[in-house]
Amino acid sequence: MASIDIAGITKNFGNIEVLHGIDLDIEDGEFIVLVGPSGCGKSTLLRMIAGLEEVSSGDITIAGRRVNDLAPRDRDIAMVFQSYALYPHMNVAGNMSYSLRLRRTAKDRIAQAVSGAAGKLGLEPLLDRRPKALSGGQRQRVAMGRAIVRQPKAFLFDEPLSNLDARLREQMRAEIKRLHAELGATSIYVTHDQIEAMTLADRIVAMQGGVVQQVGTPLDLYDRPANLFVAGFIGSPGMNFLPGRYDAAPGPAVILADGARIALPLDPGLAPGAEVTLGIRPEHVALGESGGMEAGVDLIEPTGLGIILHLSLQGVGLKAFTADRGVLNSGPSIRVSLPSAHLHLFDSAGNRVALR
Amino acid sequence: MRNFRLIGTVAHRLALLVYIAVALFPLYWLLKIAVTPDKLLYTEGVRLWPSHITWSHFRFVIENSDFPIFFRNSVIVSGSTAVVVTALSSLSGYALSRFSFRFKFWLVGLMLVTQMFPLVMLVAPIFKLLSPLGLTNSLTGLVIVYTAFNLPFATFLMQSFFDGIPKDLEEAAMIDGASQFTAFREIILPLTLPGIAATLGFVFTAAWSELLFALMLISGNDAATFPVGLLGFVSKFAVDFGQMMAAGVLALIPACIFFLLIQRYLVQGLTAGAVKG
Ligand SMILES: Nc1ncnc2c1ncn2[C@@H]1O[C@H](COP(=O)(O)OP(=O)(O)OP(=O)(O)O)[C@@H](O)[C@H]1O
Ligand SMILES: [Mg+2]
């Protein structure tokens, strides 16, 4: 187990810089999830920590030792690939024990470690099988097993569940969480999946375009997104954004494009007339209240758990989420209001303006 | 709809049949003439099978000619060439597939250029190079020349097989604690067995049937290979077709055995199950 420090990391592929100075301190035993849109450099960062990509500048320190120039095998780190990368010519036991055999671990220790890991992952009946005789979920488990037999300093996961179907993904997610609670190993986990990020992470690192946008606990990012990118990226369905202007008198408020006045809970200290973006999560949009504004109902999506309504508020799209099935019978329009306690405000540069 | 599919299947099978017939017909003719008694060869006209057959050509070739020596030489030369070329090309093919290095583009270009020369042009310079080294009239000399000529193509062949193996696999091995060379040897190479078999087969056949250099670099029967030996049946006044064809049939045997040995790997897709699926 170990802490990992990343200081001022950049990465160039030829002339193109894809990571622009990443700083991140990961504590011993922490579970870090990297999220961000495709191509933002998550895999590249992970591969640099693993030693599969060279560091263009900056330092990576694992357990107090600078590892920039260490080969992957000397970093004592395990990685689970999206493709699983199982060795096709070895059976499950062979795949799991390969790292130990390379280290010339004693035979009985290997057998012990393999059966321990197989037990944790329910792989005992499959130890003699080749990877091609396994289902996707079983292959995924073998890949996990290969990582845990070694008891490495840290685990790296690059979208390990993205090739599984939804149900299996849910199951493996819970399993990974359980394994982490049990092993307490420092882990860095790359995913596209909101729920994986929210449920697994001690801290989430939201990246865009090779830059870290925000680091914080899942609820930090959910409740206090640092900018428009994080606000829009975290949460599903995504946060609604309404462009408008700040107005200070009579009380602090945002004037939307159509002239509607949305009161703010406190004075954010902006210049009157400043362009701002108002944000509100779909589940916080209040529906059917008397007062409020009139919104057209474009589309109703029942998910079972709740209902997603696609509304248009004077030409601006607005999504609302509610558990109240009464809205299924609403007519072509519905009254909505935006409770000030749940509003988010962003300045013209897209950065968060504190309202709480 | 169903009729169309039926017609399609029939046409497909027919096409395969025609292809096989065309490909095998020369071999059949070889065998036919090898067993046709000399006196029937011209008298019976063009027939698919002679009215009676004889093994005397085979007996003569084995007992009274230098063919066993030619054979031995050919096996030595082709076998060594195949092994040496395959060993070298699996290294160079891996390098081309996985490493990026300076002048790689030019190196590949140069290797392609070597494939464009008419070999006849090179006979004299090669002879000049080899003779002071005492490598003319020697099997070693032939192995060296064949290795040089087959290496570029074999390298490209091996490279394409390595390209087909996911990079993730050796990266996983390196994270597991292997050096790049260990990952190559223990993970990648076993998965390239079909490629290795294909390369072995290709080079073996190329060397087995090579005539030009075998003829130019070797004089006398001691170091002659079998294609050169075959020419011995063409004399100034007549061609002994029966014996020549019998020798040809015998020459097919090692090639057949060789392919029987490697065919298991040729058809096997060993990488199945490596990644998702
Ligand atoms: N070997 C390479 N050569 C050149 N550019 C590369 C290379 N590898 C990655 N890149 C570029 O670096 C950027 C980041 O890639 P990376 O794979 O890290 O993205 P990612 O965040 O993992 O995306 P995804 O979510 O799709 O996996 C991309 O723009 C990609 O095109
Ligand atoms: Mg990626």
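So which residues in region A:1-28 are away from ligand 1 (no atom under 11 Å from the Cβ) and more than 25 Å from A:Val230 (Cα to Cα)?
Selection gives A:Met1, A:Ala2, A:Ser3, A:Asp28.
Can you name every residue in region A:180-210 that is surrounded by 15 or more Cβ atoms within 10 Å (Cβ to Cβ), farther than 17 Å from A:Ala78 by Cβ and within 16 Å of ligand 1 (Cβ to nearest atom)?
A:Thr191, A:Asp193, A:Gln194, A:Glu196, A:Ala197, A:Ile204, A:Val205, A:Ala206, A:Met207, A:Gln208, A:Gly210
Count, please, the residues in region A:41-59 that happen to be surrounded by fewer than 22 Cβ atoms within 10 Å (Cβ to Cβ) and not small (Gly, Ala, Ser).
8
Being more than 8 Å from every other protein chain (Cβ to nearest Cβ) and assigned to a helix (DSSP H, G or I) is the filter; apply it to region A:51-99 and report the residue that is farthest from B:Ile165 (Cα to Cα).
Only one residue tops the list, namely A:Asp74.
Taking the conditions exactly as written (more than 16 Å from ligand 2 (Cβ to nearest atom), facing chain B (nearest Cβ under 10 Å) and either touching a residue at least 24 places away in the same chain (Cβ under 8 Å) or not in a helix (DSSP H, G or I) (or both)), does A:Gln151 satisfy them or not?
Details: more than 16 Å from ligand 2 (Cβ to nearest atom): yes; facing chain B (nearest Cβ under 10 Å): no; either touching a residue at least 24 places away in the same chain (Cβ under 8 Å) or not in a helix (DSSP H, G or I) (or both): yes.
Judged against the criteria, A:Gln151 is not a match.
Do any strands (runs of 3 or more DSSP E) lying entirely in region A:241-356 carry at least 1 residues that are closer than 20 Å to A:Leu228 by Cβ and not assigned by TED's automatic domain parsing to the domain that holds A:Asp220, and which ones are they?
Per the criteria, A:253-256, A:261-263, A:275-280, A:307-313, A:316-322, A:344-346.
Within the bounds of region A:223-240, is there any residue that is charged (D, E, K, R) and either part of a strand (DSSP E or B) or more than 16 Å from ligand 2 (Cβ to nearest atom) (or both)?
Yes: one or more hits.
Please go through region A:184-210 and pick out each residue that is away from ligand 2 (no atom under 16 Å from the Cβ) and either out of contact with any helix residue (DSSP H, G or I) (no Cβ under 7 Å at 6 or more places or on another chain) or assigned to a strand (DSSP E or B) (or both).
Just the residues of region A:184-210 that are away from ligand 2 (no atom under 16 Å from the Cβ), to begin with: A:184-187, A:194-195, A:198-204.
Matches in region A:184-210: A:Gly184, A:Ala185, A:Thr186, A:Ser187, A:Gln194, A:Ile195, A:Asp202, A:Arg203, A:Ile204.
Is there any pair with a first residue in region A:27-44 that is more than 14 Å from every other protein chain (Cβ to nearest Cβ) and a second that is among the aromatic types (Phe, Trp, Tyr) and within 15 Å of ligand 2 (Cβ to nearest atom) whose Cβ atoms are under 8 Å apart and which are 6 or more apart or on different chains, and what are they?
A:Phe31/A:Tyr189; A:Ile32/A:Tyr189; A:Val33/A:Tyr189; A:Leu34/A:Tyr189
Just checking, which of A:Pro72, A:Pro37 is within 13 Å of ligand 2 (Cβ to nearest atom) and out of contact with any Lys or Arg (no Cβ under 9 Å at 6 or more places or on another chain)?
Sole residue among the options that is within 13 Å of ligand 2 (Cβ to nearest atom) and out of contact with any Lys or Arg (no Cβ under 9 Å at 6 or more places or on another chain): A:Pro37.
Could you tell me which residue of region A:39-62 is nearest to ligand 1 (Cβ to nearest atom), considering only residues that are touching a strand residue (DSSP E or B) at 6+ places or on another chain (Cβ under 8 Å) and on the phi > 0 side of the Ramachandran plot?
Only one residue tops the list, namely A:Gly41.
The values are calculated or read from the model by the stated rules, or taken from the named source; none is laboratory data. Please read all numbers here as calculations on a predicted model, not as lab measurements. As a convention, Cβ positions derive from the backbone with ideal geometry for all residues, glycine included, and neighbour counts pool all protein chains shown.
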